[in-house]
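S.K.: Sharing a structure here in structure tokens format.
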Amino acid sequence: MGAFGRPFLPSGIVATASLPFRRLNLTERRTLMHSADLDAPGLKRRHNKDGTTRFSWVARSDIAKAGYEPKTVRLHYNLDDPRERLLAEAMCRKLQAEMLAWRAGHRQTRRPFDGTVSSLVRLYQTDEASPYFELKHNTRETYDQVLRVIDRAFGKRVLSNLALADFRRWYEEAKKPREPDGPERVRKAHGIISMFRRLFAYGIAAEHAGCARLASILDATRFKQSKRRRIRLERHHVEAFIPKAIEAGRLSLALGTALQFETGMRQKDVIGEWEPHVARSEIGGIMLKGKRGRRMLRWANGLTWADLANTSVFTKETTKTGALVSHDLSLCPMTAALLAKVPAAAKVGPLIIDEHARRPYAKDAYAREWRVIARAAGIPDEVWNMDARAGAITEAEDAGADLDEIRGAIGHTQASTTARYSRGAVGKSRKVAELRQAHRAGRNES
């Protein structure tokens, strides 16, 4: 006997009171499978413009109006296939049971995994065991932007129905230029694929069905990445920038740029950043109200005048790797000259202060104001403030510094990372050429 007391027969076989068992033709089978005989509460059929049919589970209208989510779940099953038909029935019964339990008052604050991309995104962002909560706040904000794109574009897709072709198609669509003659957006497309990798890795750890299969597909597939940045801020750029910044009343921008270039420090480690501050009962330090009053922000991680007190040497823990770096500013002439211009009474608190706001620069304001001065100094728009670190590393290698020494000076944990920041340095090639010339000269003399 089959479910609900019906006799079990192989797919496509039917018996009546007057006829023996016989196999149905294709039309009869489809009629039977798409009829009310399906044990799939909430199943709805819709016709597409191209003549095909799509199936969805739809919540009862009265319960949906009361606030139940999800209201609709697309079912990517082929009901002509007996095995997929059983899966569709099981999914509908599961969704129906969850809806009725919600109506009866059993309402979970965290909805369970329902097999869709949207559900996986939601759990990745809300599950306390997710690696999402180990991310720094600024990284989390960046991830949130990509996750919103994924949820809007692919959220209703069921993981069990995804394949390599889907990821290839999504990648190709995402990298299309914004404008007809514009550049391909490879960085955006690759970022979406990278986020899928993170989602599936979390899904495997959380034991969500379908994630291991999709992770193995992406592990075995390569998608083109955007080219690595090759531009650097050079010394002549900094020398042109400093007088223009002073002329505009932006000593802070001149000092910050000189420090970044001469020490190789990241912008964030020099000027600091604004972090979300949740514990309102512990308000202290330099605080700033977030946009629309949502949350308080606290300034952190930047250089302060206390770091430079009574000596030209300072040590700082970097924000990205936690490595300790030390610098002797007496060997940084541009920085030392600018520090001397700051009045003694102003040498309190954060080192880099927005002259107009009288506090550390708000998010993105430093880069925005820096660009204004850079244009006045004739620095091309493709050269960014963040390129100061690459400029410092490249100049150091050109000067003959060993790559491992540079790595230690700027706080990288791996020399391979430092090598990526060296953009067009000729230090190594010059040394190799000199050794070859010396070798030739020695052979000629012998």
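S.K.: Which one of GLU382, GLU405 is exposed (fewer than 15 other Cβ atoms within 10 Å of the Cβ), out of contact with any helix residue (DSSP H, G or I) (no Cβ under 6 Å at 6 or more places or on another chain), of a type in the set (Asp, Glu) and at pLDDT 90 or above?
M.R.: One residue alone meets the criteria, GLU382.
S.K.: Right, another one. Any residue that is among the charged types (D, E, K, R), touching a helix residue (DSSP H, G or I) at 6+ places or on another chain (Cβ under 7 Å) and modelled with pLDDT under 95 - is there at least one of those in the range 249-270?
M.R.: So in the range 249-270, the residues among the charged types (D, E, K, R) come out as 250, 262, 266, 268-269.
Applying the additional criterion that residues be touching a helix residue (DSSP H, G or I) at 6+ places or on another chain (Cβ under 7 Å) yields 250, 262, 266.
Still in the running and modelled with pLDDT under 95: 262, 266.
So far as the range 249-270 goes, yes, one or more of its residues are among the charged types (D, E, K, R), touching a helix residue (DSSP H, G or I) at 6+ places or on another chain (Cβ under 7 Å) and modelled with pLDDT under 95.
S.K.: Quick one: GLU128 ticks every box in (1) within 30 Å of GLU84 (Cα to Cα); (2) charged (D, E, K, R); (3) not in a helix (DSSP H, G or I) except a single one, so which number is it?
M.R.: GLU128 satisfies all of (1) within 30 Å of GLU84 (Cα to Cα); (2) charged (D, E, K, R); (3) not in a helix (DSSP H, G or I) except (1).
S.K.: Are any residues in the range 251-269 small (Gly, Ala, Ser) and in a loop (DSSP other than H, G, I, E, B), and if so, which ones?
M.R.: Across the range 251-269, the qualifying residue is only GLY264.
S.K.: Continuing with this model, one more query. Please verify whether ASP151 is surrounded by 16 or more Cβ atoms within 10 Å (Cβ to Cβ), in the same structural domain as ALA206 (by TED's automatic domain parsing) and over 24 Å from LEU38 (Cβ atoms), treating the condition exactly as stated.
M.R.: Yes, satisfied.
S.K.: Residues in the range 301-353 that are out of contact with any Leu (no Cβ under 7 Å at 6 or more places or on another chain), within 23 Å of GLU275 (Cβ to Cβ) and without any contact (Cβ under 8 Å) to a residue 12 or more places away in the chain: how many?
M.R.: 2
S.K.: Okay, next question. Residues in the range 62-77 that are loosely packed, with under 14 Cβ neighbours inside 10 Å and in contact with a helix residue (DSSP H, G or I) (Cβ under 6 Å, 6 or more places away or on another chain): how many?
M.R.: 0
S.K.: Of the residues that sit in the range 218-235 and are in contact (Cβ under 8 Å) with a residue 60 or more places away in the chain and surrounded by 13 or more Cβ atoms within 10 Å (Cβ to Cβ), which one is farthest from the chain's Cα centre (by Cα)?
M.R.: Here the answer is ARG235.
S.K.: For the range 87-109, does any single residue satisfy the condition of being loosely packed, with under 12 Cβ neighbours inside 10 Å, among the small types (Gly, Ala, Ser) and assigned to a helix (DSSP H, G or I)?
M.R.: yes
S.K.: May I ask you to list pairs of residues, at least six apart or on different chains, whose Cβ atoms are under 7 Å apart, with the first in the range 355-378 being more than 15 Å from LYS268 (Cα to Cα) and the second being exposed (fewer than 13 other Cβ atoms within 10 Å of the Cβ) and of a type outside the set (Val, Ile, Thr)?
M.R.: Once the first residue is more than 15 Å from LYS268 (Cα to Cα) and sits in the range 355-378, its partners that are exposed (fewer than 13 other Cβ atoms within 10 Å of the Cβ) and of a type outside the set (Val, Ile, Thr) give GLU355/GLY249.
S.K.: How many residues are β-branched (Val, Ile, Thr) and part of a helix (DSSP H, G or I) if we restrict to the range 42-67?
M.R.: Within the range 42-67, residues that are β-branched (Val, Ile, Thr) and part of a helix (DSSP H, G or I) number 1.
To keep it simple, each residue is scored yes or no on (1) touching a residue at least 12 places away in the same chain (Cβ under 8 Å); (2) more than 27 Å from TRP170 (Cα to Cα).
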position	(1), (2)
ALA97	no, yes
GLY115	yes, no
ASN138	yes, no
ARG152	no, no
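Residues are listed down the side, and each one gets a yes or a no for (1) more than 30 Å from LEU351 (Cβ to Cβ); (2) in a helix (DSSP H, G or I); (3) of a type in the set (Gly, Ala, Ser):
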residue: ILE192; (1), (2), (3): yes, yes, no
residue: ALA209; (1), (2), (3): yes, no, yes
residue: ALA212; (1), (2), (3): yes, yes, yes
residue: ALA215; (1), (2), (3): yes, yes, yes
residue: LEU218; (1), (2), (3): yes, yes, no
residue: GLN225; (1), (2), (3): yes, no, no
residue: ALA240; (1), (2), (3): no, yes, yes
residue: ALA245; (1), (2), (3): no, yes, yes
residue: GLY249; (1), (2), (3): no, no, yes
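The values are calculated or read from the model by the stated rules, or taken from the named source; none is laboratory data. What you see is a predicted model; the values in this text were computed from it and never measured. Note that each Cβ is placed from the backbone with ideal geometry, even for glycine, and that neighbours are counted across all protein chains shown.
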